[in-house]
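**Q** What follows is a single structure, and I will ask about it in a moment.
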Amino acid sequence: MTDLRFFSDRSLGDHEVPEALRAAGWQVVSMRERYGSVTAQALADIDWIRDATGEGEVLLTGDKAIAKRPLEARAVTASAARLFALGKNQLTGLQKAQRFLDHEKMIFRRASTQVGPYVVSISERGLETLKLFG
């Protein structure tokens, strides 16, 4: 489909979301796959943001508050991260995956054509670029 590679954080779970996206042709590595179960649970957001962006990956999370928290927002800015966050996290794993898939074309277009830093909230209504703290 594309040469974009994605990283999914712990808020999206270890299995359902990454597997559903892979089934749709996305290249995804989960936090647990990269760091192992124990490290993934304790790793600070600023660390995986830096690491995954350094690998050239587009970031996926269920936590749009990253844009509002000073340390995480600075990590997004410093690493020029391209981050897509679900606007509502009270969804099942399959609903989370479907939310990404429903907006696949817009996500891929944005991630392919616009360099970071940015955090984009994904809701039923569509995509909204969030203002980063600071």
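Computed from the coordinates by the stated procedures, all read-outs in this text should not be read as laboratory data. These numbers come from a predicted model, not from an experiment. Using ideal geometry, Cβ is built from the backbone for each residue, glycine included, and neighbour counts are taken over all protein chains shown.
**Q** Mind listing the long-range amide H neighbours of F84? Cut-off is under 5 Å, sequence gap 5 or more, other chains count too, H placed in the peptide plane at 1.01 Å from N.
**A** L59, L60, T61, V120
**Q** Relative to a virtual label point 7 Å from the Cα of A24 in the Cα→beta-carbon direction, which members of region 58-80 show backbone nitrogen distances below 16 Å?
**A** Once the point is set 7 Å along Cα→Cβ of A24, 58-62 turn out to lie under 16 Å by backbone N, inside region 58-80.
**Q** Right, another one. Which trypsin sites (Lys or Arg not before Pro) does region 37-134 hold that lie in a coil by DSSP with at most 16 other beta carbons within 10 Å? Show your work: numbers first, answer last.
**A** Working: sites: R50, K64, K68, R74, R82, K88, K96, R99, K105, R109, R110, R125, K131; in loops: K68, K88, R125, K131.
Loop-located and lightly packed - K68, K88, R125, K131.
**Q** Let me ask something else. Of H15, H103, how do they rank once you tally other Cβ atoms within 10 Å and put the fewest first?
**A** Values: H15 11, H103 18.
Listed from fewest to most nearby Cβ atoms, that is H15, H103.
**Q** Let me ask another. Before rounding to the nearest 500, sum -39500 (n - 2.57) across all DSSP H runs of length at least 4 in the chain and divide by the residue total; then give [θ] at 222 nm in deg cm²/dmol.
**A** Working: 7 runs with 59 residues, N = 134.
Rounded to the nearest 500, the figure is -12000 deg cm²/dmol.
**Q** What residues of region 106-129 lie in the reach of a label at Q98, counting those whose backbone N is under 20 Å from a point 7 Å from the Cα along Cα→Cβ?
**A** Once the point is set 7 Å along Cα→Cβ of Q98, 106-107, 122-127 turn out to lie under 20 Å by backbone N, inside region 106-129.
**Q** Now, a different point. Compute the Rg/Rh shape ratio of the chain: radius of gyration over Kirkwood radius, all on alpha-carbon atoms.
**A** Details: Rg = 13.3 Å, Rh = 14.4 Å.
With Rh from the inverse mean 1/r over Cα pairs, Rg/Rh is 0.92.
**Q** Report relative contact order for the chain in percent, whole number only (criteria: Cα-Cα under 8 Å, sequence separation at least 6).
**A** So the answer I get is 26 percent.
**Q** Okay, moving on. Taking every DSSP beta bridge that has both residues in region 5-130, what percent is antiparallel when rounded to the nearest 5? All intermediate terms of the calculation are to be shown ahead of the outcome.
**A** Numbers: 5 of 20 bridges.
Here the antiparallel bridges make up roughly 25 percent for region 5-130.
**Q** Okay, next question. What residues qualify as long-range amide H neighbours of S30, i.e. H under 5 Å apart, gap of 5 or more or another chain, H built at 1.01 Å from N?
**A** S8
**Q** What residue among D63, D47, D14 has the largest mean-square fluctuation in a Gaussian network model of the chain, using Cα springs under 10 Å?
**A** D47
**Q** Which one, A20, L94, L132, projects farthest toward the positive side of the charge dipole computed for the chain from Cβ point charges (K/R +1, D/E -1)?
**A** L132
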